Protein chains: 2
Amino acid sequence: MESRIDRIKKQLHGASYKLTPQREATVRVLLENEEDHLSAEDVYLLVKEKAPEIGLATVYRTLELLTELKIVDKINFGDGVSRYDLRQEGAAHFHHHLVCIECGAVDEIQEDLLEDVEAVVEKRWNFQIKDHRLTFHGICWRCNEKHAAEEKNKEEKNRE
Amino acid sequence: MESRIDRIKKQLHGASYKLTPQREATVRVLLENEEDHLSAEDVYLLVKEKAPEIGLATVYRTLELLTELKIVDKINFGDGVSRYDLRQEGAAHFHHHLVCIECGAVDEIQEDLLEDVEAVVEKRWNFQIKDHRLTFHGICWRCNEKHAAEEKNKEEKNRE
DNA sequence: TTATTTAATGATAATAATTATCATTAAATA
DNA sequence: TATTTAATGATAATTATTATCATTAAATAA
Ligand SMILES: [Mn+2]
Ligand SMILES: [Mn+2]
Ligand SMILES: [Zn+2]
Ligand SMILES: [Zn+2]
């Protein structure tokens, strides 16, 4: 974890930026909530708990900077706010997302899965792919299981 | 074209909405600019040319309605505005996009390409896919060709 | 038809996310 | 130490979108 911070520090230095206390606090919040998809406001509130003097503008600026350096990815799930997602270290591409239209959960797919598709796109459309965004909208495994259980229950009642 | 409007009219009626003159004017603008990716404001300005009395709120409402009925898809390319895209008639899923990071062009891929990936996601993640968004970011064929031409030019100069 | 209810519209106010501004502070450098 | 530069925090400005509400159009009932 500390090493992760160190590596991010080096990435910043490499682009001649400093890891100021505010920036570090922001990065820590992102690391501590890696599985979430926080908005700038979300990050701001969490950072404030540990560094109450920080300003919202600084959080926006830091998130913008981290996006520029491809340390985080900015993503929009269509709810009117941008969300920020730590990129897996060394990942060539952004990971994929599963958005549940029933419960709102957002799950992640770290596997690439797109290698073949990208090969086709690069060749057939002569498009040099640098990154991508792939989001599936549908019903998550939790909701699916819940429905299956309900279904089973109903059948049992019917048999009585 | 007229038949396309008629079918949309029927879709609206099927959900007990009317195709009012304002709604029709909005749909026509979308049909006439099918290859574009217009924002609500863009649509508003274009509709105004033919139906100057229309209000911005009505355009927003119409676009929302059309999205609900899956006649258009709402998409966000990360530039802070929602864009509206007519769905291909009878298409199960939204088409894909190629966003050029050099010239800003947005091209479309109508082919599915994701069948295999979706089969994997449905099975391995027990996720019931209803729709998706897939956008590639990179360098478009026009910019690629331009670079190739420049490269060739430079080589020729060198040989002299 | 005319009266009445309902749906849709247009103008505009309100909201909310993001960006810009600017004075202040911290850090780096001379 | 003095000076330049980078970063910050407060807050104003901007902008896309949504909410409100009076008015109009359409559908329906009488
Ligand atoms: Mn994610
Ligand atoms: Mn499109
Ligand atoms: Zn769910
Ligand atoms: Zn291009």
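Laboratory data are not the source of any read-out in this text; all were calculated from the coordinates shown. Quick caveat, the model's predicted, so the values are computed rather than measured. Backbone-built Cβ (ideal geometry, glycine too); neighbour counts: all protein chains shown.
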Relative to the compact globular guide of 2.2 N^0.38 Å, what is the alpha carbon radius of gyration of segment A:63-155, as a ratio? 1.38
What's the magnitude of the charge dipole for the protein assembly as shown around its Cα centre, counting Lys and Arg as +1 and Asp and Glu as -1 at the beta-carbon? Answer in Debye, nearest 20. 620 debye
If unit charges are put on Cβ atoms (+1 for Lys and Arg, -1 for Asp and Glu) and the dipole of the protein assembly as shown is taken about its Cα centre, the option from B:Leu69, B:Phe136, A:Gly55 lying farthest towards the positive end turns out to be A:Gly55
Roughly how far apart, in whole Å, are the Cα centres of segment B:95-145 and segment A:71-119? 13 Å
What lysines could a cross-link reach from A:Lys18, if we take a straight Cα to Cα line under 22 Å and drop same-chain neighbours fewer than 8 places away? A:Lys9, A:Lys10, A:Lys48, A:Lys50, A:Lys70, A:Lys74
Give me the angle, in degrees from 0 to 90, between the Cα long axis of helix A:115-124 and the longest principal axis of the Cα atoms of chain A, rounded to the nearest 10. 70 degrees
Out of all DSSP beta bridges in chain A, what portion is antiparallel? Express it as a percent rounded to 5. 75 percent
Mean per-residue count of partner chain Cβ within 10 Å for A:134-145 equals 6
So if the hydrodynamic radius of chain A is defined as the Kirkwood radius over C-alpha pairs, what does Stokes-Einstein give as its diffusion coefficient at 10 °C and 1.306 mPa s, in µm² per second? 87 µm²/s
How many nanometers, to one decimal and shortest first, lie between the label point of B:Glu68 and those of its other copies, if labels sit 7 Å from Cα toward Cβ? 4.3
How far apart, in nanometres, would the label points at A:Lys18 and A:Ala57 be if each is projected 7 angstrom from Cα along the Cα-to-Cβ direction? 1.8 nm
Phi-derived 3J(HN,Hα) across segment B:53-65 with the Karplus relation (6.51, -1.76, 1.60, θ = phi - 60°), rounded Hz, x for Gly and Pro, is 7, 5, x, 4, 4, 5, 4, 4, 4, 5, 5, 5, 4
The helix B:2-14 Cα axis meets the longest alpha-carbon principal axis of chain B at an angle in degrees, between 0 and 90 and rounded to 10, of 50 degrees
Name the lysines eligible as straight-distance cross-link partners of B:Lys157: C-alpha to C-alpha under 28 Å, and not fewer than 8 places from it in the same chain. B:Lys146
Rounded to the nearest 20 debye, what is the charge dipole size of chain A about its Cα centre when +1 sits on each Lys and Arg Cβ and -1 on each Asp and Glu Cβ? 620 debye
Using a label position 7 Å from Cα in the Cα→Cβ direction, what is the ascending list of nm distances from B:Leu45 to the same site in the other copies? 3.7
Label spacing, shortest first and in nm, from A:Lys18 to its equivalents in the remaining copies (7 angstrom along Cα→Cβ): 6.6
Return the calculated 222 nm mean residue ellipticity for the protein assembly as shown, to the nearest 500 deg cm²/dmol, obtained by summing -39500 (n - 2.57) across DSSP H runs with n ≥ 4 and dividing by the residue count. -15500 deg cm²/dmol
Per residue of A:76-89, how many C-beta atoms from partner chains lie within 10 Å of its own C-beta, taken as a mean? 1
B:Asp112 versus A:Glu156: modelled label distance in nm, points set 7 Å from Cα along the beta carbon direction: 3.8 nm
Taking 1 over the mean of 1/r across every pair of different Cα atoms in the protein assembly as shown, what Kirkwood radius in Å do you get? 22.7 Å
Amide H neighbours of B:Val72 under 5 Å, at least 5 residues apart or on other chains, H built in the peptide plane: list them. B:Thr67, B:Arg87
